[in-house]
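Undergrad: Supplied in structure tokens, the structure appears directly below.
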Ligand SMILES: [Mn+2]
């Protein structure tokens, strides 16, 4: 048996940490002397202690370390991989926020050197061939592009209210102040409006872009999507807030399993009554010739990305392109409401 001091030295954990891990049930001493209360450790416990030390160095929370330590090595490996994938996803989100802040704070320097640009846009929303009503809403104006996909008993009013709450941003002249704050406040208001019309059992996704004259600011919550066609390539620029996407991020399922998953429409974040869910907010430097698509899952879950890419790249004007995308969804059975907003960045 090793004393706590000897065991601490051998495991590279401090005696203080060992006492804490004992209290948490993470690493229980082999024996506690009934008289002195001294903790005594079995040398065989060293391996577990070292694993704990490594996982701490990785930044894993103690509760999760306890789970990992109780698993067989193969299962433990999967958990560590999943934990790290989650860390990387979080870092990615923070990287976006950092980029946004850098852009915002350096705005004055970079402003106004480019060709004046504008957007040409079209919005189209369709009930599809199966649903009885259209609970989607889509909007496109000189500054605002938005798609919302309502769910629940008052899904239609919910999506309409979310977009209505943003419409003042489409009025001429952007509100003064930090765009980040403006957008966050607008989404907050949209959340309140949704709660007002939808109560607790309904809600909506919201994916919206605000044109500033040189950039597009994006707010996103739920599983509607934004895509960018640039240089002939198609990029998905939003991340679905779904249970299935999080499983995918953690490497627990494959992309093929994700598309067929029975719970693929289960949302982790949305604008709804109770939830104070945080939207993703990011800022895009646009380029002349960029083409943006906002769509509900009635398009993205029904039509293959390759076909969407083809239609966008064909270069028809926004109205016709939106129409063709909606037709494509309906030719694939039109199982859901489908909404598309297409916007091109052009020289003014
Ligand atoms: Mn939908």
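What follows is calculated from the coordinates using simple rules that are stated; it is not laboratory data. What you are looking at is a predicted structure, and each value in this text was computed from that prediction instead of being measured. Cβ sites come from the backbone with ideal geometry, for glycine too, and all protein chains shown count toward neighbours.
Undergrad: Report the FRET efficiency, 1/(1 + (r/R0)^6), for residue 98 and residue 233, where r is their Cβ-Cβ distance and R0 is 25 Å, rounded to 0.05.
TA: Once the sixth-power term is evaluated, E becomes 0.50.
Undergrad: Let me ask something additional. Given the peptides 84-93, 140-149, arrange them by the average over their residues of other C-beta atoms within 10 Å, most packed first.
TA: 140-149, 84-93
Undergrad: Once fully extended, how much extra length lies between residue 9 and residue 31, figured as 0.36 nm per residue of separation less the alpha-carbon to alpha-carbon distance?
TA: 6.1 nm
Undergrad: Mind running the shape call on the stretch 258-348? Use the C-alpha gyration tensor, a ≥ b ≥ c as the square roots of the eigenvalues: rounded below 1.5 for a/c, prolate if a/b tops b/c, oblate otherwise.
TA: oblate
Undergrad: Sequence gap at least 6, Cα distance under 8 Å: using those rules, report the relative contact order of the chain to the nearest whole percent.
TA: Numbers: 659 pairs, mean separation 67.3, N = 348.
Rounded, it is 19 percent for the chain.
Undergrad: Taking the 0 to 90 degree range and rounding to the nearest ten, how far is the long axis of helix 318-331 tilted relative to the main principal axis of the chain, both from C-alpha atoms?
TA: 60
Undergrad: So, by mean Cβ neighbours within 10 angstrom, what's the order for 295-305, 120-130 with the highest one leading?
TA: Most protected by this proxy first, the peptides run 295-305, 120-130.
Undergrad: Using 0.36 nm times the number of residues separating residue 19 and residue 58, minus their current alpha carbon distance, what extension gain do you get?
TA: 12.0 nm
Undergrad: For the pair residue 200 and residue 129, how long in nm is the line joining their label points, each one 7 Å along Cα→Cβ?
TA: 4.0
Undergrad: Let me ask you something else. What is the stretch 2-70's relative contact order, in percent, from Cα pairs under 8 angstrom and six or more apart in sequence?
TA: Rounded, it is 32 percent for the stretch 2-70.
Undergrad: For the chain, take the longest principal axis of its alpha carbons; what is the angle in degrees between that and the long axis of helix 155-166, to the nearest 10 within 0 to 90?
TA: Its long axis makes an angle of about 80 degrees.
Undergrad: Right, another one. Want the number for residue 70 to residue 258: 0.36 nm per residue separation, take away the alpha-carbon distance, what's left?
TA: Taking residue 70 through residue 258 to full extension adds about 64.8 nm, to one decimal.
Undergrad: Same structure, new question: What is the angle, in °, between the Cα long axis of helix 73-105 and the longest principal axis of the Cα atoms in the chain? Nearest 10 is fine, range 0 to 90.
TA: 50
Undergrad: Rounded, prolate or oblate for the chain? Axes are the square roots of the Cα gyration tensor eigenvalues, ordered a ≥ b ≥ c, and the cut-off for rounded is a/c under 1.5. Let's see the in-between values first.
TA: Values: a/c = 2.50, a/b = 2.09, b/c = 1.19.
It is prolate, given that a/c is not under 1.5 and a/b is the larger ratio.
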